[in-house]
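Enquirer: One structure, as structure tokens, below. Some questions next.
The values are calculated or read from the model by the stated rules, or taken from the named source; none is laboratory data. The structure displayed is predicted, hence computed values, not measured ones. For neighbour counting, all protein chains shown are included, and Cβ atoms are generated from backbone atoms with ideal geometry for every residue, glycine included. Accessible surface is based on the protein model in full, side chains and every heavy atom, while ligands, DNA and RNA are left aside. Shrake-Rupley method; radii C 1.70, N 1.55, O 1.52, S 1.80 Å.
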Amino acid sequence: MTAPKIELLWQDRDIKFDLSPSEMQFHCGEKLIDKLESVEDTKGNSGDPGKLFVTNLRLIWQSNIKPRVSLSVGFNCVTNMSTRTVNSKLRGVTEALYILTKVHSTRFEFIFTNLLPGTMRLLTSVMSVYKAYNSSKWYRELKLRGSVLQGGGKQLRVLPQEQIYSRVNGVWNLSSDQGNLGTFFVTNVRLVWHANMNELFNISIPYIQVVSLKVRESKFGMALVVESSENSGGYVLGFKIDPTERLHEVYKEISNLYAVHRASPILGVDSFIESPPSEESHPPSCPPLDEDVEIVGEARECDTFAAYFADDHHARDREPVYCEELGLAVERIKDGFTMSSLWEVVPTA
């Protein structure tokens, strides 16, 4: 017996450039929080106005001039978010949103400038959603040995929008040779198990991180087997419930909740957002493919990575680029400068 799989969630855990139409589409649990019509990608596409979509999982920027030029920044990749004074081609010297990210071992930095003067909407909108994302990780991340109980260790610490459907006593966790006796909580968001002798020995498994759910034979007899995604550690967890009839009842209940969650995932972020999306907000449609736009290839991808690569305050030399003015390969110039401005001599009085 095997339950269907949930669409794997990558939108908040990856950074992508020049998105394909399918990558522009929202995950089934992704919701639009805000849309800003006039935002410059100051670091990678200075001088190019675009749209910024703020969802509960990521930021999507798309050029108005070349719809193929776009990027997706997952909130789980963000390591720091602040403001910074920059020199924008479209706004001049102004305050912008600075985002430092990390994917695997590579760091990227992004600078977004609101082109509408006199508004702080870009800063307040993105920062509030990012804060809400960080405050709701229990909905999306597998947690080991977390603070899941309250009321003297007898009650589950319930999340906003979470409902407990069953509490199952006498559940054996088969992670060790002898097993550990504990209690199962089945909710509309996750599965939670904790040991009866030690409440800190526990696990919280959101449905969004479950890739396989089945009942199969084990060395302890028939057991409920839950497999988590690679992003959450790739755990294979076994739980034994007696008698077998009770095991199948619990499995059926979890499978039904799992299917409902697959159709409409509860990811938690929207429950923390106080202000609703603006009236003009709507999910980004797939950009029309302009036949005159050059096909994105490896060279474009390399240039794009270099444009956003974070050099940690120039701890290393920036990558060389060809300079037409000099006819030489030179270190890439920092944003806000030109080759001619570096050679200008300002006369003294």
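Enquirer: Taking only pairs six or more apart or across chains, which ones have beta-carbon atoms under 7 Å, a first residue in segment 30-46 that is of a type in the set (Phe, Trp, Tyr), and a second residue that is assigned to a strand (DSSP E or B) and surrounded by 23 or more Cβ atoms within 10 Å (Cβ to Cβ)?
Expert: Hits for this filter: zero, empty list.
Enquirer: For segment 122-153, which residues satisfy the criterion of being within 23 Å of Asn196 (Cβ to Cβ) and outside any helix (DSSP H, G or I)?
Expert: Selection gives Leu142, Lys143, Leu144, Arg145, Gly146, Ser147, Val148, Leu149, Gln150, Gly151, Gly152, Gly153.
Enquirer: Follow-up question, since we're still on this one. With farther than 23 Å from Leu149 by Cβ, open to solvent by less than 40 Å² (accessible area, probe 1.4 Å) and free of Cβ contacts under 8 Å to residues at least 40 places away in the same chain as the only criterion, which of Val225, Val269, Val215 stands out?
Expert: Of Val225, Val269, Val215, the one residue that is farther than 23 Å from Leu149 by Cβ, open to solvent by less than 40 Å² (accessible area, probe 1.4 Å) and free of Cβ contacts under 8 Å to residues at least 40 places away in the same chain is Val225.
Enquirer: Just to check your reading of the model, which residue among Asp12, Asp34 is in contact with a helix residue (DSSP H, G or I) (Cβ under 8 Å, 6 or more places away or on another chain), open to solvent by 10 Å² or more (accessible area, probe 1.4 Å) and of a type in the set (Asp, Glu)?
Expert: Being in contact with a helix residue (DSSP H, G or I) (Cβ under 8 Å, 6 or more places away or on another chain), open to solvent by 10 Å² or more (accessible area, probe 1.4 Å) and of a type in the set (Asp, Glu) holds for just one of Asp12, Asp34, which is Asp34.
Enquirer: Now a separate question. Only one of these is under 18 Å from Asp270 (Cβ atoms), assigned to a loop (DSSP other than H, G, I, E, B) and not small (Gly, Ala, Ser): Phe53, Phe26. Name it.
Expert: Answer to the selection: Phe26.
Per-residue answers, yes or no, for (1) of a type outside the set (S, T, N, Q); (2) open to solvent by 80 Å² or more (accessible area, probe 1.4 Å); (3) closer than 16 Å to His194 by Cα:
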position	(1), (2), (3)
Ser229	no, no, no
Val236	yes, yes, no
Phe239	yes, no, yes
Glu245	yes, yes, no
Asn256	no, yes, no
Val260	yes, yes, no
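Enquirer: Right, another one. For segment 188-204, which residues satisfy the criterion of being surrounded by fewer than 20 Cβ atoms within 10 Å (Cβ to Cβ) and of a type outside the set (D, E, K, R)?
Expert: Hits for segment 188-204 are Asn188, Ala195, Asn196, Met197, Asn198, Leu200, Phe201.
Enquirer: Within the group Thr94, Thr119, which residue is at pLDDT below 95 and outside any strand (DSSP E or B)?
Expert: Going through Thr94, Thr119 in turn, just one is at pLDDT below 95 and outside any strand (DSSP E or B): Thr119.
Enquirer: Now a separate question. In segment 90-141, what residues are open to solvent by less than 50 Å² (accessible area, probe 1.4 Å) and of a type in the set (Phe, Trp, Tyr)?
Expert: If the condition is that a residue be open to solvent by less than 50 Å² (accessible area, probe 1.4 Å) and of a type in the set (Phe, Trp, Tyr), then Tyr98, Phe108, Phe110, Phe112, Tyr130, Tyr133, Tyr139 are the ones that fit.
Enquirer: Just a yes or no: is a residue in segment 162-182 at pLDDT below 95, open to solvent by 60 Å² or more (accessible area, probe 1.4 Å) and either in contact with a His (Cβ under 9 Å, 6 or more places away or on another chain) or under 20 Å from Ser264 (Cβ atoms) (or both)?
Expert: Looking for residues that are at pLDDT below 95, open to solvent by 60 Å² or more (accessible area, probe 1.4 Å) and either in contact with a His (Cβ under 9 Å, 6 or more places away or on another chain) or under 20 Å from Ser264 (Cβ atoms) (or both), one finds none in segment 162-182, hence no.
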